[in-house]
Amino acid sequence: MYVCICNFPFPYRWRGILAFMRDLSPLILRQDPPNELDVLVGCYTGNTTLSTFLDRNAPIKTKVVTARPKVPLYMEEIREAKRERRGAERRWRTSKSVADFNLFKVLKIASRTY
């Protein structure tokens, strides 16, 4: 036997809950639930009231998935170059030296070429 307990948080959209319960009450599955899976599937495919109930209360939603290109391999050389770049940036921000800034720029460009 399958039991469905609907526990909606208070105060949820009461009009929607009442309509849901009103649509749920005349269903055959609620009055006399089947014990076997084949009978349950038959209730969905042969009975239009169940499919109408599901379409009304849980409609199928289409979702757009964007295909993105594959990310190149993240190798140890890339990780090391980024680590050196971040260290050079920290040195430049603390010292405000032109030489540290130039080193940071060189490492920044070098880490992008991997």
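Here, each number is a calculation from the coordinates, and none is a lab measurement. As the structure is a prediction and not an experimental result, all values here were calculated from the model.
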Residue-span extension gain [R112 to R86] - 0.36 nm each, minus C-alpha spacing: 8.1 nm
Size descriptor, Kirkwood hydrodynamic radius, that averages inverse alpha-carbon separations across segment 67-114, Å: 11.6
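May I ask you to compute the full-extension gain from N35 to R22, defined as 0.36 nm times their residue separation minus their alpha-carbon distance, rounded to one decimal in nm?
Values: separation 13, 0.36 × 13 = 4.68 nm, distance 2.40 nm.
Extending this stretch completely gives an extra 2.3 nm.
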Proximal lysines relative to K82, as straight alpha-carbon distance under 30 Å, when same-chain residues fewer than 8 apart are discounted: K70, K96, K105, K108
